[in-house]
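For reference, the structure discussed in these notes is given below.
Laboratory data are not the source of any read-out in this text; all were calculated from the coordinates shown. Since the structure is predicted, the reported quantities are computational estimates derived from the model, not experimental observations. Ideal geometry is used to build each Cβ from the backbone, glycine not excepted, and the neighbour counts take in all protein chains shown.
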């Protein structure tokens, strides 16, 4: 177990639906991240939270809305998605928001937009 | 910004053989280079990393080498085993807060017994 838990593991949603992805970390880390993983592409960093404050938003469309209510939980709210948004969404955490600290990943949510 | 290229995209070896995965980066300011392993159905997991003040680092059957002049670094796995089969990602970043890790596209390693 990596200590980072994501739910659900799989999600199928229509383009008009609203859904949320949940991430929980039990490692006492101060930084949490959302990544998008598409086939044949590098991992794409979407959002970074440090001490519950969003510190980075990598030009992500507004149909993706993150929320970090406390240092242990991270959500990704989804609405009016497009089929090209289908991907594996990975949550990760690290002790602090520095790239040279080990990132611990969850197992991901496999999202399919129909 | 940083750009990381990773080769090959797929690699098949026989059990016991060695496997080498190579990455190049573009930003000379990058000084931290981790490697992540992603098994089927799991998230990536850090397996080894190297910083720019060393040229090589080993951990049992895996090793990473770094050539800062040429801006490339490589992962070496010796005596491969079926459980080494996974997708391997290299990454690079400058070692400072607020700088993101930039990942390569990944290499799918298959080890057949």
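Key figures
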quantity: Computed lengthening from residue A:79 to residue A:30, 0.36 nm per intervening residue step minus Cα-Cα distance; calculated: 14.9 nm
quantity: Sequence of B:5, A:53 once ranked by neighbouring C-beta atoms within 10 Å, starting from the fewest; calculated: A:53, B:5
quantity: Shielding score for A:87-98, defined as the mean number of other chain Cβ atoms within 10 Å; calculated: 2
quantity: Relative contact order (%) - criterion: Cα under 8 Å, at least six apart; region: region B:35-79; calculated: 25 percent
quantity: Region A:17-35 residues near the modelled residue A:65 label - backbone nitrogen below 12 Å, point 7 Å along Cα→Cβ; calculated: A:18-20
quantity: Sorted by Cβ density within 10 Å, fewest first, the residues B:59, B:27; calculated: B:59, B:27
quantity: Spin-label model distance (nm) - residue B:29 vs residue A:51, 7 Å beyond Cα toward Cβ; calculated: 2.3 nm
quantity: Theoretical FRET efficiency, 1/(1+(r/R0)^6), r = Cβ-Cβ of residue A:17 and residue B:81, R0 45 Å, to 0.05; calculated: 0.55
quantity: Sorted by Cβ density within 10 Å, fewest first, the residues A:114, B:87; calculated: A:114, B:87
quantity: Cα-based radius of gyration of the protein assembly as shown once divided by 2.2 N^0.38 Å, which approximates compact folds; calculated: 1.02
quantity: Extension gain (nm, one decimal) between residue A:38 and residue A:102, 0.36 nm per residue minus Cα-Cα; calculated: 20.8 nm
quantity: Shielding score for B:43-56, defined as the mean number of other chain Cβ atoms within 10 Å; calculated: 3
quantity: Largest to smallest principal axis extent of the C-alpha atoms in chain A, angstrom; calculated: 36, 26, 25
quantity: Peptide A:36-42 - average C-beta neighbours from other chains (10 Å radius); calculated: 4
quantity: √(5λ) per eigenvalue of the Cα gyration tensor, chain B, largest first, Å; calculated: 24, 14, 12
